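The values are calculated or read from the model by the stated rules, or taken from the named source; none is laboratory data. Because the structure is a prediction, the values reported are computed rather than measured. With ideal geometry, Cβ positions are generated from the backbone for all residues, glycine too; neighbour counts draw on all protein chains shown.
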Amino acid sequence: MDRVIVIGGGITGAFVAYFLASHQVPVLVIDHDQAGPAASLVNPGGINPLHGPEIPGRMETFAIHSYQLHRQHWSRIHELSGLDFHGRKISRLAVARSPEDQLLLLENKKLYDRQAGFSAEWLEPGALHALEPLIHQEVIGALLLEGNATVDARMYTKAVTEAAKALGADFIAGQVKTVQASAGGVGIELADGRSYESRQVVLATGPWAPFLTEQLGVTLPIRPVKGQLLLVEFPDTRFKHDITWRTNGLYCHGPGRYWLGGTHEEQGFDQSITGAGRATILATLARILTNGDKCVVIDHQAAFRAVTPDGLPVVGKLSPYDHIFIGSGSGPKGMLLSAGIGRVIAEMIMGQRGPEGMAFLAPDRFNQMGSA
């Protein structure tokens with residue numbers, strides 16, 4: 001098979017390369033930090049398949065499939081890369097501050113109860129404070145969730161990259177300037193003048209995907225959403241669980257360190273970290289923990305997620321082309337869905353039949369919505 005070119009070396013592009021190289025398919029990955037940090041490197045690393053848009057619903061099967069792929073390939077990725085990305089299962093306390101919060105969590109409990117390998121137990125305040133005494137007194141209870149997993153996002157992306165290289169994939173640094181398609185393939189020109197051609201190309205450029213698809217005459221409503229995160233320590237305090245409230249929370253990150261997330265800001269590609277973002281995150285923490293004001297901020301970062309209008313990723317052939325594929329738009333589920341998207345695109349390129357029921361993620365769904 002001719003060499004496949006993957007544009008974008010974040011976690012999704014790395015997994016496309018990994019799965020192709022695992023089947024001896026020649027692959028070249030071109031990556032460049034185009035406008036700021038990507039979320040592949042700046043996120044808490046959650047591999048959580050039972051939360052997110054249309055879960056439960058159409059995304060549930062694919063999310064579980066992606067979760068299982070991560071767990072199945074951890075040992076091989078570690079062996080091939082030689083890197084410790086701290087993959088492990090975690091316990092999470094999802095807290096409720098209102099009856100409305102509690103109702104939503106109890107609905108989510110049903111999903112955990114029916115999924116093998118996962119469990120959820122409702123805890124009243126007494127039992128909750130026995131586990132984590134510093135939970136805020138206004139919290140009325142929590143779900144103790146078991147079965148989710150986590151990685152060090154930065155190290156995991158590097159490990160999948162190194163594993164793909166060990167299997168024969170090539171990676172180069174370069175900024176893609178133009179992409180031109182013809183019946184026979186795709187021509188790619190880099191900003192430094194280098195050029196490449198391939199019969200099959202994968203676009204895995206996250207929120208920057210529209211810059212390339214528009215050159216191909218295809219408009220996709222993928223937009224950047226900035227998320228700010230804080231890395232913190234708590235003097236003389238250790239938490240045994242991730243602790244979340246709604247879409248925000250505290251996530252364990254190595255001994256005594258925790259990610260605090262996060263913000264959701266639609267400001268284009270403005271990558272600045274802000275005092276307002278920090279204040280928002282710390283204010284949310286103060287509603288979860290009694291000692292939220294005791295944390296010491298040791299890092300403050302921001303990154304862009306690729307988001308679509310329906311909150312679902314864009315996966316498949318870039319119509320009307322049969323030889324251009326795209327994997328983008330996973331939003332806050334990018335780390336989880338990377339393995340599933342990588343596997344699906346690799347299978348499509350190799351002419352294999354991927355998972356059933358994937359048509360609702362196809363890029364041309366937005367054209368269909370517009371004509372409806």
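With without any contact (Cβ under 8 Å) to a residue 24 or more places away in the chain, surrounded by fewer than 22 Cβ atoms within 10 Å (Cβ to Cβ) and under 25 Å from E146 (Cβ atoms) as the only criterion, which of R287, R257, R238, R246 stands out?
One residue alone meets the criteria, R238.
Of the residues making up the range 209-224, those that are of a type in the set (D, E, K, R) and either outside any helix (DSSP H, G or I) or under 12 Å from V176 (Cβ atoms) (or both) number 1.
Checking every residue in the range 279-289 against the condition of being in a loop (DSSP other than H, G, I, E, B), in contact with a Lys or Arg (Cβ under 8 Å, 6 or more places away or on another chain), more than 24 Å from P53 (Cα to Cα) and not β-branched (V, I, T) gives at least one match. Among the residues of the range 263-272, the one identified as surrounded by 15 or more Cβ atoms within 10 Å (Cβ to Cβ), touching a residue at least 40 places away in the same chain (Cβ under 8 Å) and out of contact with any Lys or Arg (no Cβ under 6 Å at 6 or more places or on another chain) is Q271.
Which residue, of Y196, Y251, is of a type in the set (S, T, Y) and outside the structural domain of G329 (by TED's automatic domain parsing)? Criteria check complete, one pass: Y251.
Residue by residue, here is whether (1) assigned by TED's automatic domain parsing to the domain that holds P133; (2) surrounded by fewer than 16 Cβ atoms within 10 Å (Cβ to Cβ); (3) touching a residue at least 40 places away in the same chain (Cβ under 8 Å) holds:
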position	(1), (2), (3)
V297	yes, yes, yes
G329	no, no, yes
K333	no, no, yes
V344	no, no, no
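Yes/no matrix, rows are residues, columns are (1) assigned to a strand (DSSP E or B); (2) surrounded by fewer than 19 Cβ atoms within 10 Å (Cβ to Cβ); (3) outside the structural domain of N291 (by TED's automatic domain parsing); (4) out of contact with any helix residue (DSSP H, G or I) (no Cβ under 9 Å at 6 or more places or on another chain):
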residue: E79; (1), (2), (3), (4): no, yes, yes, no
residue: A94; (1), (2), (3), (4): yes, no, no, no
residue: E100; (1), (2), (3), (4): no, yes, no, yes
residue: A116; (1), (2), (3), (4): no, yes, no, yes
residue: G126; (1), (2), (3), (4): no, yes, no, yes
residue: Q137; (1), (2), (3), (4): no, yes, no, no
residue: L143; (1), (2), (3), (4): yes, no, no, no
residue: A159; (1), (2), (3), (4): no, no, yes, no
